[in-house]
Amino acid sequence: MRIAVVADHNALPMKAQVGAWLTARGHEVDDRGVHAEEIVDYPLLCEDVCAQVLAGAADFAIVLGGSGSGEQMACNKIRGIRAALCHDTFVAEVARGNNDANVLVMGAKVIAADAAERICDVWLATRFRGGRHADRVAMIMALDRGESLLADRTVPGVGAPGR
Ligand SMILES: O=C(CO)[C@H](O)[C@H](O)COP(=O)(O)O
């Protein structure tokens with residue numbers, strides 16, 4: 001697969017290790033920075049790497065930060081992106097299998113590099129299951145377009161006061 005990778009100043013060693021791991025398994029890695037330990041504003045990296053996915057230049061993006069939470073937020077502000085912050089293989093499996101996520105975010109201050117490799121392994125091996133999950137992803141994408149899911153209907157149990 002073609003995988004575009006970025007890391008901020010908190011995750012350069014993880015980027016090197018994950019990049020080498022991916023390359024050793026035959027994936028094409030596009031290392032889009034940063035390349036030095038200068039402090040960088042991670043939303044810039046997120047915009048760049050997500051554009052690679054949206055343009056079809058990459059099958060997935062991997063975004064590495066300190067915690068990863070801001071990176072996940074930034075990526076998910078970009079229309080068409082479904083970014084998942086994964087700290088373990090369970091979340092990675094659900095992110096791909098159920099959510100059809102196209103950007104993997106990890107926090108180098110949260111998990112070790114060997115855990116990041118295991119997460120990548122599960123991410124790349126898991127296929128989107130479709131079915132009811134496809135309906136939910138379609139709803140996510142409607143929200144992404146600024147549409148309301150509830151404007152023209154009521155859903156039992158949603159928004160009603162509990163007893
Ligand atoms: O994980 C992150 C955002 O979620 C960033 O890596 C983190 O916020 C950067 O902060 P600093 O400039 O203090 O290293």
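Test of the criteria: in segment 1-78, which GluC sites (Glu not before Pro) are in a DSSP loop and have at most 12 other Cβ atoms within 10 angstrom of their Cβ? Show your work: numbers first, answer last.
On the way: sites: E28, E37, E38, E47, E71; in loops: E37, E38.
The qualifying sites are E37, E38.
Check R2: other-chain or 5+ apart residues with amide H under 5 Å from its amide H, H built from backbone geometry?
Correct list: E28, D59, F60.
Give me a comma-separated list of calculated 3J(HN,Hα) values for segment 106-111, in order, Karplus coefficients 6.51, -1.76, 1.60 applied at θ = phi - 60°, integers in Hz, x for any Gly or Pro.
In residue order, the calculated couplings are 9, x, 6, 8, 10, 10 Hz.
State, as an integer percentage, the relative contact order of the chain based on alpha-carbon contacts under 8 Å between residues 6 or more apart.
Values: 278 pairs, mean separation 34.4, N = 163.
It comes to 21 percent, rounded to a whole number.
In degrees, nearest 10, range 0 to 90: what is the angle between the Cα axis of helix 113-125 and the longest Cα principal axis of the chain?
Once rounded, one gets 50 degrees.
Suppose all protein chains stay in the model; what accessible area per residue would a 1.4 Å probe give for segment 2-144, in Å²? Can you show the working numbers first?
Details: 6710 Å² over 143 residues.
Per-residue accessible area for segment 2-144 comes out at 47 Å².
Filter the trypsin sites (Lys or Arg not before Pro) in segment 76-117 down to the DSSP loop ones having no more than 12 other Cβ atoms within 10 Å, then list what survives.
On the way: sites: K77, R79, R82, R96, K109; in loops: K77, R79, R82, K109.
Taking segment 76-117 and a limit of 12 other Cβ atoms within 10 Å, the loop trypsin sites (Lys or Arg not before Pro) found are R79, K109.
Rounded to a whole number, what % of the accessible area of segment 26-163 do carbon and sulfur atoms account for, probe 1.4 Å? Working shown, then result.
On the way: 4100 of 7750 Å².
Ligands and nucleic acids excluded, carbon and sulfur reach 53 percent.
Using the Karplus curve 6.51 cos²θ - 1.76 cosθ + 1.60 with θ = phi - 60°, what ³J(HN,Hα) values do you get for each residue of segment 17-26, in whole Hz, with x for Gly and Pro?
3J(HN,Hα) across segment 17-26, in whole Hz: 5, 5, x, 5, 4, 5, 4, 5, 9, x.
Tabulate in residue order the Karplus-calculated ³J(HN,Hα) for segment 87-100, using 6.51 cos²θ - 1.76 cosθ + 1.60 with θ = phi - 60°, rounded to whole Hz; enter x for Gly and Pro.
Karplus values, whole Hz, x for Gly and Pro: 10, 7, 6, 4, 5, 4, 5, 5, 4, 7, x, 9, 9, 6.
Based on the alpha-carbon gyration tensor of segment 2-144, what equivalent-ellipsoid semi-axes (square roots of 5 times the eigenvalues) come out, in whole Å, largest first? Could you put the intermediate results ahead of the total?
Values: eigenvalues 101, 56, 37 Å².
Over the Cα atoms of segment 2-144, the semi-axes work out to 22, 17, 14 Å.
The values are calculated or read from the model by the stated rules, or taken from the named source; none is laboratory data. Bear in mind that the values here come from a model prediction, so they are computed numbers and not experimental data. Virtual Cβ from ideal backbone geometry, glycine too; neighbours counted across all protein chains shown. These accessible areas exclude ligands, DNA and RNA; they are computed on the full protein's heavy atoms, side chains included. Shrake-Rupley method; radii C 1.70, N 1.55, O 1.52, S 1.80 Å.
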